Amino acid sequence: MKRRVILLGPPGSGKGTVAAQLKKEFGHRHMSTGQLLRDEAESGSALGCHARSFLERGELVPDEVVLELVQRWMAASPGDTGFISDGFPRTLKQAELLDEWAGSQGLDIESVLFFECEESVILSRISGRRACPRCGSTFHLAHLPPKREGVCDDCETVLVQRRDDDVEVVRRRLDVYNRQTEPLVSYYWQLERLAVVDAALPYNELYAAVRAALAG
Ligand code: AMP
C-alpha cells in the first residue's frame with residue numbers, strides 16, 4: 001500500500017471520506033488542510049481569524065497561512081513519513097513547495113490520485129453533505145447516511161451543514177478549483193505520477209478503485 005499520497009479533485013468529489021476510510025483501514029495519517037483551517041478559525045487565533053474570511057467566501061486561503069499549518073502538522077509526528085493529503089496542494093506554488101520539502105527530506109510522493117467528477121454530480125453531493133464539527137467525519141443524507149439520524153457515527157456529535165456548502169459558495173469554490181487547482185492535473189501528469197479514479201461511482205466502488213490504485 002502506497003504511503004505518501006495526494007488526493008486531488010474538486011470539492012465534493014469524495015476525497016475526505018475516502019481519506020478517512022484509508023486512515024481507519026490502513027492507519028494512514030490524514031492531512032486535510034480544509035479541516036486544519038476550520039479548526040484554526042474555530043480556535044480564534046490570529047492566523048485562524050485571517051483564514052476565516054477566505055473560508056466563508058469559498059476562496060483559497062493565502063499560501064503562507066496554509067504552509068504554516070502544513071509545516072506544523074508535519075512537525076507534529078516527525079518519525080512517521082506517511083500521509084494522505086486531501087486538499088493540499090491546491091495551487092502550483094503549493095505543489096512546487098511540497099516537492100521541494102519532500103526532496104529535502106529524501107522522500108517522494110508515491111501517488112497522486114485524481115478524483116474525476118462532473119459538476120452536476122458535485123452539486124448534488126454537496127447539498128446533501130453533513131459534517132461532524134468535532135471530528136470532521138462526513139456523511140451524506142442519501143448516499144452515506146449516519147447510523148443514527150443527524151448524529152456522527154464516530155463521536156456522536158450532532159452533524160451540521162458546513163457554512164461553505166451553501167450552493168452559492170460551492171459554485172465559487174468550483175470556479176476557484178477550475179482556475180487554480182485544476183492545472184495541477186497536468187503538472188502531475190507530466191511528472192508521470194497521476195492515476196485517475198472515476199469519482200462519480202457509487203461510494204463503495206470508488207473506495208475499491210482507490211484501494212486498487214494504491215495497492216503495491
Ligand atoms: P476543503 O475542506 O478541502 O473543501 O476546504 C475548505 C476550504 O478551505 C477551501 O474552500 C479553502 O478556502 C480552504 N483551503 C483548504 N485547503 C486549502 C489549500 N491547500 N490552499 C488554500 N486554501 C485551502
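The values are calculated or read from the model by the stated rules, or taken from the named source; none is laboratory data. Just so we're clear, the structure is a prediction, and the values are computed from it rather than from any experiment. When we count neighbours, we look across all protein chains shown, and the Cβ atoms used for this are built from the backbone with ideal geometry, even at glycine. Keep in mind that these areas ignore ligands, DNA and RNA; they rest on the heavy atoms of the full protein, side chains included. Shrake-Rupley method; radii C 1.70, N 1.55, O 1.52, S 1.80 Å.
Give me the strands (runs of 3 or more DSSP E) completely within region 1-87, filtered to those with at least 1 residues that are charged (D, E, K, R), ordered by residue number.
4-8, 83-86
Going through region 102-115 one residue at a time, which ones are out of contact with any Pro (no Cβ under 9 Å at 6 or more places or on another chain) and either closer than 24 Å to VAL210 by Cα or without any contact (Cβ under 8 Å) to a residue 24 or more places away in the chain (or both)?
Within region 102-115, ALA102, GLY103, SER104, GLY106, LEU107, ASP108, ILE109, GLU110, SER111, VAL112, LEU113, PHE114 qualify.
Scan region 180-203 and report the pairs whose first residue is among the aliphatic types (A, V, I, L, M) and whose second residue is assigned to a loop (DSSP other than H, G, I, E, B), with Cβ atoms within less than 7 Å and a gap of 6+ or a chain change.
LEU184/PRO89; ALA199/GLY9; ALA199/SER13; ALA199/GLY14; ALA199/CYS117; ALA200/CYS117; ALA200/GLU118
Could you list, in sequence order, the residues of region 160-185 that are open to solvent by 20 Å² or more (accessible area, probe 1.4 Å), within 17 Å of GLU96 (Cα to Cα) and within 9 Å of the ligand (Cβ to nearest atom)?
Scanning region 160-185 gives a single hit, GLN180.
Among what's in region 99-109 and is within 13 Å of ILE6 (Cα to Cα) and part of a helix (DSSP H, G or I), pick the residue that is most open to solvent (accessible area, probe 1.4 Å).
Ranking the candidates gives ASP99 first.
Can you tell me which residue in region 16-31 is nearest to PRO89 (Cα to Cα), limited to those that are open to solvent by less than 20 Å² (accessible area, probe 1.4 Å) and in contact with a strand residue (DSSP E or B) (Cβ under 6 Å, 6 or more places away or on another chain)?
By that ranking, first place goes to MET31.
For the condition more than 8 Å from the ligand (Cβ to nearest atom), of a type in the set (D, E, K, R) and either modelled with pLDDT of 95 or more or surrounded by 16 or more Cβ atoms within 10 Å (Cβ to Cβ) (or both), what is the one hit in ARG52, ARG38?
Result: ARG52 is the single residue among ARG52, ARG38 that is more than 8 Å from the ligand (Cβ to nearest atom), of a type in the set (D, E, K, R) and either modelled with pLDDT of 95 or more or surrounded by 16 or more Cβ atoms within 10 Å (Cβ to Cβ) (or both).
Answer yes or no as to whether GLU96 is open to solvent by 70 Å² or more (accessible area, probe 1.4 Å) and of a type in the set (D, E, K, R).
Answer is yes for this residue.
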